[in-house]
Amino acid sequence: MSTEIPVPPPTLALDPEPALRDNPGSERFELWSGDELIGLEGYQRRDDGTIVLLHTIATDAYEKKGFARLLVHSVLDEVAAQGLKIVPVCTYVQSFLTRFPQYQRLVADDAE
């Protein structure tokens with residue numbers, strides 16, 4: 001059993017608070033603050049519902065401020081809430097899973 005490690009918030013407070021949106025037409029999760037895009041997580045959804053996480057991008061204004069971490073944290077919480085699994089292709093997501101092992105349970109058995 002892994003210890004739950006708290007995920008630190010971003011170093012910059014935003015108003016309105018960032019919110020995650022799924023944009024299935026573009027195959028990405030998006031993090032927004034009002035009408036401003038903060039970042040995105042590209043994905044592909046397998047037929048069985050498993051989500052292959054391809055890349056994590058924070059827009060230039062939000063790089064190095066913890067928003068990529070917030071984005072991945074939010075995506076993984078959403079995946080967990082839906083009872084789905086992930087395949088972490090993105091190296092940022094792989095690093096996140098190492099740093100916060102409580103999310104390892106979301107990795108699909110056939111993830112390579």
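What follows draws every value from the coordinates through simple rules; no lab data is involved. Because the structure is a prediction, the values reported are computed rather than measured. Cβ coordinates were reconstructed from backbone atoms using ideal geometry, including for glycine residues, and neighbour counts include every protein chain displayed.
What are the ³J(HN,Hα) couplings of the range 95-104, residue after residue, when phi is run through the Karplus curve with 6.51, -1.76, 1.60 and θ = phi - 60°? Round to Hz, x for glycine and proline.
For the range 95-104, the Karplus-derived couplings read 5, 4, 5, 5, 6, 10, x, 4, 8, 4 Hz, x marking Gly and Pro.
Hey, quick one: spin label on Ala80, modelled 7 Å out along Cα-Cβ, who in the range 1-30 has an amide N within reach, i.e. under 17 Å?
1-10, 20, by backbone N distance to the label point.
Assign unit charges at the C-beta atoms only (+1 for Lys and Arg, -1 for Asp and Glu), then state the dipole size of the range 19-106 relative to its Cα centre in Debye, rounded to the nearest 20.
The calculation lands at about 400 debye.
Please check which bits of the range 75-112 a label hung off Ile5 would reach, taking the label as a point 7 Å along Cα-to-C-beta and the cut-off as backbone N under 17 Å.
Residues passing the 17 Å test: 76-77, 91-107.
List the trypsin sites (Lys or Arg not before Pro) in the range 1-90 that DSSP assigns to loop (not H, G, I, E or B) and whose Cβ has at most 10 other Cβ atoms within 10 Å. Which are they?
Lys64
Using Cα pairs under 8 angstrom and six or more residues apart, how large is the relative contact order of the chain, in percent?
Computed over the chain, the figure is 25 percent.
Just to confirm the number: angle between the C-alpha axis of helix 67-81 and the first principal axis of the chain, 0 to 90 degrees, nearest 10?
Tilt relative to the chain: about 40 degrees.
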